[in-house]
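Enquirer: Encoded as structure tokens, here's the structure I'll be asking about.
The values are calculated or read from the model by the stated rules, or taken from the named source; none is laboratory data. If you're wondering where the values come from, they're calculated on a predicted model, not measured in any experiment. Glycine gets a Cβ as well: all are built from the backbone with ideal geometry, and neighbour counts include every protein chain shown. To get the accessible areas, we keep the full protein, side chains included, count just its heavy atoms, and leave off ligands, DNA and RNA. Shrake-Rupley method; radii C 1.70, N 1.55, O 1.52, S 1.80 Å.
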Amino acid sequence: MRAAGVKSQFRTPRPFFISTVARTLRIPAIVARKPSKCSAPHSPLSSPFARAGYPLVLNRVSRTRGLVSVAAAPAVSEEPDIIPQDEILAKMDPKEMTRLARVRNIGIAAHIDSGKTTCTERVLFYTGRIKSIHEVRGKDAVGAKMDSMDLEREKGITIQSAATFCDWVKKENGADEKYHINLIDTPGHIDFTIEVERALRVLDGAVMILCAVSGVQSQTITVDRQMKRYNVPRISFVNKMDRMGANPWKAIEQINSKLKIPAAAIQVPIGGEDAFEGVVDLVRMKAIFFEGHKGINVVEKELSEIPTEVRKLAEEKREVLIAALADVDDTIAELWLEEKTPAQEQIKAAIRQATLARKFTPVLIGSALADKGVQPVLDAVCDYLPNPSDVPAVALDRRRNETPVSLVPYNSLPFVGLAFKLEEGNFGQLTYIRVYQGALKKGMHVYNAKSGKKIKVPKIVRMHSDEMEEVPSIGAGEICAVFGVDCASGDTFTDGGLPYSMTSMFVPDPVISLSIKPKNKETAAFSKAINRFQREDPTFRCKVDPESQETIISGMGELHLEIYVERLRREYGVDCVTGKPEVAYRETIDSRQEFDYVFKRQTGGAGDYARVMGYMEPTRDPEGKNHFEEQIVGGHISEKFLYACEKGFLKSTEKGPMIGHRVLGTRMIINDGATHMVDSSEMSFKTATEYAFRDTFKLASPIILEPIMKVAVSAPNEFQGNIVGLMNKRNAVIEDSEIGADEFTLTATCSLNAMFGFSSQLRAATQGKGEFSMEFKDYLPTPPQLQKELIANFEKERARRKAAK
């Protein structure tokens, strides 16, 4: 989160840091800066640490540690810049490089019910983190390890992202190499999309899981958009190959066409549906089978031992893989044009480079529930996804107008970390932190870059779902959790020596609201729970309506709010009564309207006088932003009064005059006015602007906008007619209908107001076999009849409240 303008409480640089940097920093300094008081005189070079005020004595260390000497300095610019990632890697200390090369920070993301948690359960079993496998819905009264909440086990969905860590031993050149994997399992429901956002913000790579039957689904597209937002490389895993109608080639084709990212299989299946036995590795051209209890034994065989048709398919798909790599890698392209066959090492290198550059995604195949194909996914994570040093980490230097600066994942450098998730634990607030630079140690003092507060870290733990393992320190490039650190999600922490902050994650606006109150006046527990939920989840909002004095909670969907109401009952013993869901309508205008408003009020002493003239018009801004402009000529209104006018305009847009919702896409221009020598004041002009806005808005063809949702419904084919009928009743616009072997997926757009109660009707129409997801798409005008009804209800409610007073 940017923290520009926050007063910091950073310590002054300490002399011992000179030797620390000289010992560890192997990066050529590439920029110049104006000499500080502690800089060496006439030094033309600077590192990211010298920029922060730390001195570097270059002539003593340049020969031994690879720093560019003063004499050999290249031409430099006066303004600082970020260090290119290839230079960081080229000059990195071999010890740090070796440590980081064995670290992976990955997330698992996919559409609802694609097998994310089932796959994670197998990963933990095969890496030795758990001793037995339990299924998602908790049928054995245990449930999957990563679904630690009772609600998750009952509903069979992931509600909160869960973090864990494991070690995977991989054979490389005949030797066993141990990789340390930090893994986050994310929810698939759009209602809990913030969990995916903050996980992808701090992860280096991801595994995108697709269903072999359904292929790319609605939430898959959302996850793809989130990965692109944070520049996260991904590998893809086509799951559920043991299901009837499984077709991995359809899924791969949809990745190319719908997600617009080149993809090719690096495996082909041996058999399919009930006869699915294993896969063929197209890079090494080996057949892989999974034998023993829960497929724990990975057996490799030569291609001569598998059926001829599979061998021919493998050779054909290998050519497709090489052709796809030739489009994104120059080395493979040259070999392909010369009609030469690339070596195994060249193919692996090309896949890794293209994956890291986000130009390509390799696709693996398997079935997590059938215990087949998960171990090769772990190998692919180690082979193709980045380690922390491969991903550029950039902070913003607040002392230099938030200029981007590089963070280097060295344990010995000053600490910089980002808090990305909060939870209420048994010992207080549990804060998840990604360490980008330096090491975080128990008992260490850190500084919150946003508030400037100095905080002692009393306890550091590694999370294994809801279990904790205390550790004395955490190195750069890793993920941990700490107790006793008071902060908000997205806050940056440093050791106090660097004025750095990091950008936070994207937080979508809520789309649904409802009133809530405790049944038995348990206000203390209710307030405590609501405050906790707001700290943990930035998409969960709570406010008190100033007119009705009702508590209004807002979130991303019906399920989102339903879960929090249920958590209030279970975790805090507070039964609540909820009102009718409230849609987040918006107001705007559709025509230009001029105004000339005089605000005059006389009291016993000095009165109030303000006159404002101008016009209002729609902005036609796609983002719906509001604009205020002043075009005063001749100084008829002074600058301080115009500032008050702008404040009045901004206040008016927060609560529109039609139904009391926010105003979008409106421009107000004030081009003339008048003042009184005695009675005019800033408050007078602010009030005059508010009244002018209210009256003019009603005359400028006002329109009420409603949120339009993109809805995806999946159900068995036999219920297709029922689903189409349900959507038609809601005046939905059906955009696409994709029919598979045993189920179909219908995509449509529909107003949020019409979707209330859809989940119960869907269950009734499909015998409980249908599922749906929806996400916000856009705001569009409401039908005229609905607009009249909304305005009438608003006026009636306002009159009732006025009479009650």
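Enquirer: Please enumerate the residues belonging to region 377-388 that are out of contact with any helix residue (DSSP H, G or I) (no Cβ under 8 Å at 6 or more places or on another chain) and open to solvent by 10 Å² or more (accessible area, probe 1.4 Å).
Expert: D379
Enquirer: So for region 285-298 (the condition being assigned by the TED database to the domain that holds L356, of a type in the set (V, I, T) and touching a Phe, Trp or Tyr at 6+ places or on another chain (Cβ under 9 Å)), does at least one residue qualify?
Expert: Scanning region 285-298, I find at least one residue that is assigned by the TED database to the domain that holds L356, of a type in the set (V, I, T) and touching a Phe, Trp or Tyr at 6+ places or on another chain (Cβ under 9 Å), so the answer is yes.
Enquirer: Report whether or not G115 is at pLDDT below 80, of a type in the set (G, A, S) and closer than 24 Å to I296 by Cβ.
Expert: No, not satisfied.
Enquirer: Are any residues in region 174-190 in contact (Cβ under 8 Å) with a residue 60 or more places away in the chain and either part of a strand (DSSP E or B) or open to solvent by less than 10 Å² (accessible area, probe 1.4 Å) (or both), and if so, which ones?
Expert: In the first step, residues of region 174-190 are kept if they are in contact (Cβ under 8 Å) with a residue 60 or more places away in the chain; the result is 177-186, 188-190.
Listed by number, the residues that qualify are E177, K178, Y179, H180, I181, N182, L183, I184, D185, T186, G188.
Enquirer: I'd like to know if region 143-165 contains one or more residues that are surrounded by fewer than 16 Cβ atoms within 10 Å (Cβ to Cβ) and modelled with pLDDT of 85 or more.
Expert: Scanning region 143-165 turns up no residue that is surrounded by fewer than 16 Cβ atoms within 10 Å (Cβ to Cβ) and modelled with pLDDT of 85 or more.
Enquirer: Filter region 202-228 down to the residues that are of a type in the set (D, E, K, R) and either closer than 14 Å to Q254 by Cβ or modelled with pLDDT under 90 (or both), then identify the one that is surrounded by the fewest Cβ atoms within 10 Å (Cβ to Cβ).
Expert: R225
Enquirer: How many of the residues making up region 567-584 are open to solvent by 40 Å² or more (accessible area, probe 1.4 Å) and either assigned to a strand (DSSP E or B) or in contact with a Ser or Thr (Cβ under 6 Å, 6 or more places away or on another chain) (or both)?
Expert: Residues in region 567-584 being open to solvent by 40 Å² or more (accessible area, probe 1.4 Å) and either assigned to a strand (DSSP E or B) or in contact with a Ser or Thr (Cβ under 6 Å, 6 or more places away or on another chain) (or both): 3 in total.
Enquirer: Among residues belonging to region 613-641 that are within 16 Å of E690 (Cβ to Cβ) and modelled with pLDDT of 90 or more, point out the one that is farthest from the chain's Cα centre (by Cα).
Expert: By that ranking, first place goes to M613.
Enquirer: I've got another one for you. Within region 495-529, can you find the residues that are in contact (Cβ under 8 Å) with a residue 12 or more places away in the chain, of a type in the set (A, V, I, L, M, F, W, C) and farther than 17 Å from T193 by Cα?
Expert: Hits for region 495-529 are L498, M502, L514, I516, A525, F526, A529.
Enquirer: All but one of (1) in contact with a strand residue (DSSP E or B) (Cβ under 7 Å, 6 or more places away or on another chain); (2) under 26 Å from L356 (Cβ atoms) hold for P414; which doesn't?
Expert: Failed condition: (2).
Enquirer: Can you spot a residue in region 357-371 that is in the same structural domain as L203 (by the TED database), in a helix (DSSP H, G or I) and open to solvent by less than 10 Å² (accessible area, probe 1.4 Å)?
Expert: Initially, region 357-371 is screened for residues in the same structural domain as L203 (by the TED database), giving 357-371.
Filter again for in a helix (DSSP H, G or I), leaving none.
Within region 357-371, not a single residue is in the same structural domain as L203 (by the TED database), in a helix (DSSP H, G or I) and open to solvent by less than 10 Å² (accessible area, probe 1.4 Å).
Enquirer: Moving on. Return only the number of the condition from (1) closer than 30 Å to K228 by Cβ; (2) in contact with a helix residue (DSSP H, G or I) (Cβ under 6 Å, 6 or more places away or on another chain); (3) among the aliphatic types (A, V, I, L, M) that V280 does not satisfy.
Expert: (1)
Enquirer: A follow-up question, please. Among the residues in region 663-670, are any modelled with pLDDT of 90 or more, farther than 22 Å from T619 by Cβ and either among the aliphatic types (A, V, I, L, M) or more than 36 Å from the chain's Cα centre (by Cα) (or both)?
Expert: No, region 663-670 contains no residue that is modelled with pLDDT of 90 or more, farther than 22 Å from T619 by Cβ and either among the aliphatic types (A, V, I, L, M) or more than 36 Å from the chain's Cα centre (by Cα) (or both).
Enquirer: Let me ask something else. Give me the pairs: first residue in region 298-310 and of a type outside the set (D, E, K, R), second residue in a helix (DSSP H, G or I), beta-carbon distance under 7 Å, and six or more apart or on different chains, which are they?
Expert: V298/Q375; L303/R311; L303/A314
Enquirer: Something else about it: Would you confirm whether any residue within region 659-669 is of a type in the set (S, T, Y) and either more than 28 Å from D545 (Cβ to Cβ) or outside the structural domain of R592 (by the TED database) (or both)?
Expert: No, region 659-669 contains no residue that is of a type in the set (S, T, Y) and either more than 28 Å from D545 (Cβ to Cβ) or outside the structural domain of R592 (by the TED database) (or both).
Enquirer: Within region 731-760, how many residues are in contact with a Cys (Cβ under 9 Å, 6 or more places away or on another chain) and not in a strand (DSSP E or B)?
Expert: Number satisfying all stated conditions: 3.
Enquirer: Can you tell me which residue in region 723-732 is nearest to C750 (Cα to Cα), limited to those that are in contact with a helix residue (DSSP H, G or I) (Cβ under 9 Å, 6 or more places away or on another chain) and surrounded by fewer than 14 Cβ atoms within 10 Å (Cβ to Cβ)?
Expert: Checked region 723-732; the qualifying residue nearest to C750 (Cα to Cα) is N731.
Enquirer: Assuming K777 fulfils every condition listed in (1) touching a strand residue (DSSP E or B) at 6+ places or on another chain (Cβ under 6 Å); (2) charged (D, E, K, R); (3) open to solvent by less than 60 Å² (accessible area, probe 1.4 Å) apart from one, which condition is it?
Expert: With (1) touching a strand residue (DSSP E or B) at 6+ places or on another chain (Cβ under 6 Å); (2) charged (D, E, K, R); (3) open to solvent by less than 60 Å² (accessible area, probe 1.4 Å) applied to K777, the lone miss is (3).
Enquirer: Within region 259-307, track down each residue that is open to solvent by 50 Å² or more (accessible area, probe 1.4 Å) and assigned to a strand (DSSP E or B).
Expert: Hits for region 259-307 are K286, E291, N297, V298, E300, K301.
Enquirer: Can you pull out the residues in region 671-688 that are surrounded by 15 or more Cβ atoms within 10 Å (Cβ to Cβ), within 16 Å of E630 (Cβ to Cβ) and not polar (S, T, N, Q)?
Expert: Within region 671-688, D672, G673, E682, F685, K686, A688 meet the criteria.
Enquirer: So which of A439, A476 ends up being buried (at least 23 other Cβ atoms within 10 Å of the Cβ) and either touching a residue at least 24 places away in the same chain (Cβ under 8 Å) or acidic (D, E) (or both)?
Expert: Values: A439 fails: buried (at least 23 other Cβ atoms within 10 Å of the Cβ).
Answer to the selection: A476.
Enquirer: Only one residue in L325, L313, L321, L303 is within 34 Å of the chain's Cα centre (by Cα), closer than 15 Å to M285 by Cα and in the same structural domain as F290 (by the TED database), so which one is that? Before the answer, list the steps.
Expert: On the way: L325 fails: closer than 15 Å to M285 by Cα; L313 fails: within 34 Å of the chain's Cα centre (by Cα); L303 fails: within 34 Å of the chain's Cα centre (by Cα).
Just one listed residue meets the conditions, L321.
Enquirer: What are the residues in region 504-546 that are open to solvent by less than 80 Å² (accessible area, probe 1.4 Å), modelled with pLDDT under 85 and not hydrophobic (A, V, I, L, M, F, W, C), if any?
Expert: Selection gives S504, P508, P510, S513, E522, D545.
Enquirer: Yes or no: V169 assigned to a loop (DSSP other than H, G, I, E, B) and either without any contact (Cβ under 8 Å) to a residue 40 or more places away in the chain or more than 29 Å from M505 (Cα to Cα) (or both)?
Expert: On the way: assigned to a loop (DSSP other than H, G, I, E, B): no; either without any contact (Cβ under 8 Å) to a residue 40 or more places away in the chain or more than 29 Å from M505 (Cα to Cα) (or both): yes.
For V169, the condition - assigned to a loop (DSSP other than H, G, I, E, B) and either without any contact (Cβ under 8 Å) to a residue 40 or more places away in the chain or more than 29 Å from M505 (Cα to Cα) (or both) - is not met.
Enquirer: Quick check on this structure: which one of V391, V374, V408 is open to solvent by less than 10 Å² (accessible area, probe 1.4 Å) and under 19 Å from V103 (Cβ atoms)?
Expert: Exactly one of V391, V374, V408 is open to solvent by less than 10 Å² (accessible area, probe 1.4 Å) and under 19 Å from V103 (Cβ atoms), namely V408.
Enquirer: Got a number for residues in region 600-651 being exposed (fewer than 11 other Cβ atoms within 10 Å of the Cβ) and at positive phi?
Expert: Total meeting the criteria: 3.
Enquirer: Looking at this structure, is P499 within 27 Å of T539 (Cβ to Cβ) and touching a Phe, Trp or Tyr at 6+ places or on another chain (Cβ under 9 Å)?
Expert: Here the answer is no, as P499 does not meet what is asked.
Enquirer: Does any residue of region 781-802 turn out to be on the phi < 0 side of the Ramachandran plot, outside any strand (DSSP E or B), surrounded by 20 or more Cβ atoms within 10 Å (Cβ to Cβ) and modelled with pLDDT under 85?
Expert: The answer is no, given that none of the residues of region 781-802 is on the phi < 0 side of the Ramachandran plot, outside any strand (DSSP E or B), surrounded by 20 or more Cβ atoms within 10 Å (Cβ to Cβ) and modelled with pLDDT under 85.
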